[in-house]
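Engineer: Got a structure for you, questions after.
The values are calculated or read from the model by the stated rules, or taken from the named source; none is laboratory data. Computed from a predicted structure; not experimentally measured. Glycine gets a Cβ as well: all are built from the backbone with ideal geometry, and neighbour counts include every protein chain shown. Surface areas here come from the heavy atoms of the whole protein model, side chains and all, with no ligands, DNA or RNA. Shrake-Rupley method; radii C 1.70, N 1.55, O 1.52, S 1.80 Å.
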Amino acid sequence: MKPISLTRYLIQEQHAGRINADLRLLIEVVARACKTISIAIGKGALGGVLGDAGTGNIQGEAQKKLDVLSNDILLEANAWGGHLAGLASEEMDHSQPIPDAFQRGNYLLLFDPLDGSSNIDVNISVGTIFSVLRCPEGVTTPGDEHFLQPGTTQVCAGYTTYGPSTQLVLTIGHGTHVFTLDREIGSFILTTRDVQVPAETKEFAVNMSNQRFWEAPMQRYVGDLLQGKEGPRGKDFNMRWVASMVADVHRIITRGGIFSYPLDSKCRDKGGKLRLMYEANPMAFIIEQAGGAASTGRQRMLDVQPTGLHQRVPVFLGSRDEVAEAVRYHREHDQGA
Ligand code: FDP
């Protein structure tokens with residue numbers, strides 16, 4: 001079959017009644033912004049975009065020039081389309097309603113403009129993650145509280161990975177699909193329809209240097225993985241850790257695996273390391289739509305009721321059976337088994 005573009009895919013979805021014109025436009029605008037980010041990243045050292053911006057975000061993290069640039073690109077692209085009521089980003093303290101000068105729509109957009117940005121200066125894959133929610137009925141000027149909806153209410157989620165090729169992975173709740181950027185024609189082309197994460201895996205991703213700070217169930221879980229064939233899991237496991245969530249999740253989308261950023265004593269007070277609203281939830285939606293699973297270790301990720309825009313959570317996601325195993329270790333620990 002002849003490959004189809006993102007535009008054509010979205011029009012087909014609209015004709016099938018699965019999205020409306022506003023959501024189609026929203027996705028097109030986000031995809032276009034991601035192409036602009038991809039071009040800036042691709043220039044690397046020649047574009048003068050590497051290095052620190054000399055500022056920090058609300059989370060106390062140093063911002064890279066490309067964090068700020070990517071944020072500005074997404075904000076600017078989405079301000080005037082008429083499809084959004086408000087936006088929220090990792091790089092902004094609070095959400096922003098669409099300015100009065102522009103028409104407002106019915107959707108809310110959350111994004112992490114440049115995930116894994118600590119990898120940018122060493123030319124390793126980074127990405128953009130986004131999530132789309134409905135603006136609650138009757139709300140014309142949304143505030144932070146209107147974004148605090150559980151992941152199950154997401155109408156669309158996606159990420160772009162800026163690697164050897166730029167790929168957009170998208171779900172509107174009808175499977176997860178992979179698009180690859182054709183740099184010559186400037187279009188995202190559908191390259192894998194209905195991608196499926198294998199249910200079982202022999203590969204795990206975690207920052208092992210945090211091991212001594214983990215909780216007991218995580219210690220036991222990874223301890224058993226490391227024992228391989230001789231241990232209770234009865235098979236040898238391989239480990240990968242890119243340290244860009246997008247790149248690690250993309251590997252799992254492609255060939256299976258489990259990604260975890262568990263609770264540890266360093267991040268316990270904050271609730272975890274990764275952010276619920278624009279990292280864990282969109283990835284959980286994408287992974288579930290690809291047949292995988294996502295959990296905090298104790299609860300399905302998409303069922304978490306958010307309490308803050310920048311809330312953090314522990315994350316386990318990927319191959320369904322392996323996530324179930326990690327959850328089992330937590331359950332057995334909590335039940336004192
Ligand atoms: P980064 O801080 O570079 O943006 O979002 C946080 C994140 O990267 C994830 O992309 C990545 O998986 C994780 O942090 C890396 O954590 P470590 O520094 O502990 O490896």
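Engineer: Being open to solvent by 20 Å² or more (accessible area, probe 1.4 Å) and assigned to a strand (DSSP E or B), is that true of even one residue in the stretch 40-53?
Structural biologist: Yes, the stretch 40-53 contains a residue that is open to solvent by 20 Å² or more (accessible area, probe 1.4 Å) and assigned to a strand (DSSP E or B).
Engineer: Inside the stretch 105-126, can you point out the residues that are within 7 Å of the ligand (Cβ to nearest atom) and in contact with a Leu (Cβ under 7 Å, 6 or more places away or on another chain)?
Structural biologist: S117
Engineer: What are the residues in the stretch 287-315 that are closer than 17 Å to Q149 by Cα and either among the acidic types (D, E) or part of a helix (DSSP H, G or I) (or both), if any?
Structural biologist: Across the stretch 287-315, the qualifying residues are M301, L302, D303.
Engineer: Name the residue that is least open to solvent (accessible area, probe 1.4 Å), counting only residues in the stretch 239-257 that are near the ligand (Cβ under 9 Å from one of its atoms) and part of a loop (DSSP other than H, G, I, E, B).
Structural biologist: So the residue we want is S244.
Engineer: Right, another one. Please work out which residue is least open to solvent (accessible area, probe 1.4 Å), limiting yourself to the stretch 258-285 and to residues that are of a type in the set (G, A, S) and away from the ligand (no atom under 13 Å from the Cβ).
Structural biologist: Result: A284.
Engineer: Would you mind stating whether R32 is in contact (Cβ under 8 Å) with a residue 40 or more places away in the chain, open to solvent by 50 Å² or more (accessible area, probe 1.4 Å) and either over 19 Å from E90 (Cβ atoms) or assigned to a helix (DSSP H, G or I) (or both)?
Structural biologist: Values: in contact (Cβ under 8 Å) with a residue 40 or more places away in the chain: yes; open to solvent by 50 Å² or more (accessible area, probe 1.4 Å): yes; either over 19 Å from E90 (Cβ atoms) or assigned to a helix (DSSP H, G or I) (or both): yes.
Judged against the criteria, R32 is a match.
Engineer: One residue is enough: does the stretch 63-72 have a residue meeting the conditions of a type in the set (D, E) and open to solvent by less than 20 Å² (accessible area, probe 1.4 Å)?
Structural biologist: Yes, because at least one residue in the stretch 63-72 is of a type in the set (D, E) and open to solvent by less than 20 Å² (accessible area, probe 1.4 Å).
Engineer: Going by the conditions given, is L74 at pLDDT 90 or above, assigned to a helix (DSSP H, G or I) and either within 16 Å of the ligand (Cβ to nearest atom) or within 23 Å of the chain's Cα centre (by Cα) (or both)?
Structural biologist: In short, yes.
Engineer: Kindly indicate whether P113 is of a type outside the set (S, T, N, Q) and either surrounded by fewer than 16 Cβ atoms within 10 Å (Cβ to Cβ) or not in a strand (DSSP E or B) (or both).
Structural biologist: Against the criterion (of a type outside the set (S, T, N, Q) and either surrounded by fewer than 16 Cβ atoms within 10 Å (Cβ to Cβ) or not in a strand (DSSP E or B) (or both)), P113 does not qualify.
Engineer: Which condition breaks for E91 when tested against (1) part of a loop (DSSP other than H, G, I, E, B); (2) more than 14 Å from the ligand (Cβ to nearest atom); (3) within 17 Å of the chain's Cα centre (by Cα)?
Structural biologist: (2)
Results for (1) farther than 22 Å from S295 by Cβ; (2) in contact with an Asp or Glu (Cβ under 7 Å, 6 or more places away or on another chain), shown as yes or no for each residue.
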position: A101; (1), (2): yes, no
position: Y107; (1), (2): yes, yes
position: N119; (1), (2): yes, no
position: V122; (1), (2): yes, no
position: G143; (1), (2): yes, no
position: Q154; (1), (2): no, no
position: Y159; (1), (2): no, no
position: S165; (1), (2): yes, no
position: G173; (1), (2): no, no
